[in-house]
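Chemist: This structure is in structure tokens; I'll ask about it shortly.
The values are calculated or read from the model by the stated rules, or taken from the named source; none is laboratory data. Everything numeric in this text was worked out from a predicted model, so none of it was measured. Glycine also receives a Cβ, built like all others from the backbone with ideal geometry; neighbour counts cover every protein chain displayed. SASA here: full protein model, heavy atoms, side chains in, ligands and nucleic acids out. Shrake-Rupley method; radii C 1.70, N 1.55, O 1.52, S 1.80 Å.
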Amino acid sequence: MSTSLTIARPDDWHLHLRDGAMLEAVLPETARHFARAIIMPNLVPPVVTGAEAAAYRDRIMAALPDGMQFEPLMTLYLTEDTDPEDVAAAHASGLIKAVKLYPAGATTNSASGVTNFDKVRAVLEKMAEIGLPLCVHGEVTDREIDIFDREAVFIDRILDPVRQSTPGLRVVMEHITTKNGADYVLANETDLGATITVQHLILDRNDMLVGGMRPHYYCLPILKRAEHREALLAAATSGDARFFLGTDSAPHPTHAKESECCSAGCFTAPNALPILAQTFEKASALDKLEGFTSRHGPAFYGLPVNTDTITLTKSDRVTEFPAKIDAGDHTVTVFDPGFPVYWTVAS
Ligand code: DOR
Ligand code: ZN
């Protein structure tokens, strides 16, 4: 028995590629399946200026193996010193497609992020004026806010006030992990979208913590309760164009994941699409997969849908994915969904 599904080639609307040997190792894993990706700027040091984004784009293209096609959609890392005119110029030249907001200290390499939102007001106003989206890591960082509540508190304390005070600002809530996040998107008709990762559609916090702690399931925002996962799955499979795929594939060396202080991130680039196909099939929503992976993102970003296609096939045999890939002197452990996957990307 085999089933197949041909869809417009997907894009990844939230991706970490890193730099150097890691970039060379992980880029083919994304370029094999995805036409384009929004590239996260949280390098060390971060990609802050248009000139830095141009140089990073060149390094990505230099790392792309011969014969592979891929278009990196660059972003700038918002700091309290970001120059609105530099942002506007990088947008006008076509170089950048978004600016990324990390609240300072929220996650990996976010130390240069924003603490005082008054200091980025001029940049946000310029972005609203020119129609440049703000990609938001939506978690507060205050010590006293429980890690499982940080997304919900961010929406109330930061996101909604910023949106109210900056009419016309287009916002992508990156990697939403809660029903609160999905509901906030649903309650706001305009200028708002959200990406959802593979791991947040299939896992809840029990998968990470019961019976032993699984570091390869630790990412930020952290996995939440089952009811939140269910709300995200309902949003992703609803066909609502405000929700689209951003894998947040975030490679770390295996030793940094399997360590006393585990780095946050799941490396899902190699198997994101087969896992998604199986997840949508299980939810009786295979007909909604193409919208989520290939159509809603371009619509939000005002870009054309890819004209070529991929074909996903399902067979009786379990699809084998590599457990690890080599990255320079290290390996990166490939995300294991914890269940057998029968789908594969055929072409
Ligand atoms: O889990 C995560 N890993 N979440 C982020 O926000 C950053 C990312 C990374 O860069 O490793
Ligand atoms: Zn990310």
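Chemist: Amide H to amide H, which residues 5 or more places from residue 249 or on other chains are under 5 Å from it, using H placed in the peptide plane?
Modeler: So residue 249 has HN proximity to 16, 268.
Chemist: Further question: Probe 1.4 Å, all protein chains in place: accessible area of residue 292 in Å², nearest 10?
Modeler: Roughly 0 Å² of residue 292 is accessible to a 1.4 Å probe.
Chemist: Here's something else I'd like to know. At a 1.4 Å probe radius, which order do 14, 296, 216 fall into by accessible area, largest first?
Modeler: If we order 14, 296, 216 from most to least accessible, we get 216, 296, 14.
Chemist: Using a Gaussian network model of the chain with C-alpha springs under 10 Å, which one of 45, 253, 84 is most mobile by mean-square fluctuation?
Modeler: In this elastic network of the chain, the residue with the biggest mean-square fluctuation among 45, 253, 84 is 45.
Chemist: Using Cα pairs under 8 angstrom and six or more residues apart, how large is the relative contact order of region 252-333, in percent?
Modeler: Computed over region 252-333, the figure is 37 percent.
Chemist: Same structure, new question: Taking H placed 1.01 Å from N in the peptide plane, check which residues at least 5 places from residue 36 or on another chain put their amide H under 5 Å from its amide H.
Modeler: 12, 71
Chemist: Keeping every protein chain in place, order 213, 68 by accessible area at 1.4 Å, biggest value first, i.e. largest first.
Modeler: Solvent-accessible surface, decreasing: 213, 68.
Chemist: Taking only C-alpha pairs under 8 Å that are 6+ residues apart, what is the relative contact order of region 172-264 in percent?
Modeler: In percent, rounded to a whole number, it is 36.
Chemist: Could I ask something else about it? Please report the net charge: other residues with Cβ closer than 14 Å to the Cβ of residue 129, K and R +1, D and E -1.
Modeler: Working: positive: 121, 126, 170; negative: 85, 125, 191.
Net charge around residue 129: 0.
Chemist: While we're on this one: Under 8 Å for C-alpha pairs, at least 6 residues apart: give me the relative contact order for the chain, rounded to a whole percent.
Modeler: Averaging sequence separation for qualifying contacts and normalising by length gives 20 percent for the chain.
Chemist: With a 1.4 Å probe and every protein chain kept in, tell me what percent of the accessible surface of region 231-285 is carbon plus sulfur.
Modeler: 52 percent
Chemist: Additional query: Select from 147, 276, 21 the residue farthest towards the positive end of the dipole of region 3-345; place +1 on Cβ of Lys and Arg, -1 on Cβ of Asp and Glu, and compute about the Cα centre.
Modeler: Farthest towards the positive pole: 276.
Chemist: Any chance you could look up the accessible area of residue 210 with a 1.4 Å probe, heavy atoms only, rounded to 10 Å²?
Modeler: Number for this one is 90 Å².
Chemist: Along its principal axes, what span do the Cα atoms of region 3-345 show, with the longest given first and each in whole Å?
Modeler: 56, 44, 42 Å, listed from the longest principal axis down.
Chemist: Taking the convex hull of the alpha carbon atoms in region 203-317, what volume per residue do you get, in Å³?
Modeler: 143 Å³
Chemist: Give me the one-decimal nm value for the distance between modelled label points at residue 92 and residue 147, 7 Å along each residue's Cα-to-Cβ direction.
Modeler: It is 4.4 nm.
Chemist: On to the next question. Taking a probe of 1.4 angstrom, what is the accessible area of residue 57 in Å², to the nearest 10?
Modeler: 70 Å²
Chemist: Further, regarding this structure: Enumerate the amide H contacts of residue 171 below 5 Å, restricted to partners 5 or more residues apart or on another chain; note that Pro and chain-start residues carry no placed amide H.
Modeler: Distant-sequence amide H within range of residue 171: 134, 192, 193.
Chemist: Kindly report the accessible area of the chain per residue (heavy atoms of protein chains, probe 1.4 Å, no ligands, DNA or RNA), in Å².
Modeler: Each residue of the chain exposes 40 Å² on average to a 1.4 Å probe.
Chemist: Using a Gaussian network model of the chain whose springs link C-alpha atoms within less than 10 Å, name the residue from 165, 238, 110 with the highest mean-square fluctuation.
Modeler: Result for the chain, Cα springs under 10 Å: 165 fluctuates most.
Chemist: Restricting to region 20-117, compute how many DSSP beta bridges are antiparallel as a %, nearest 5.
Modeler: For region 20-117, the DSSP antiparallel bridge percentage is about 0.
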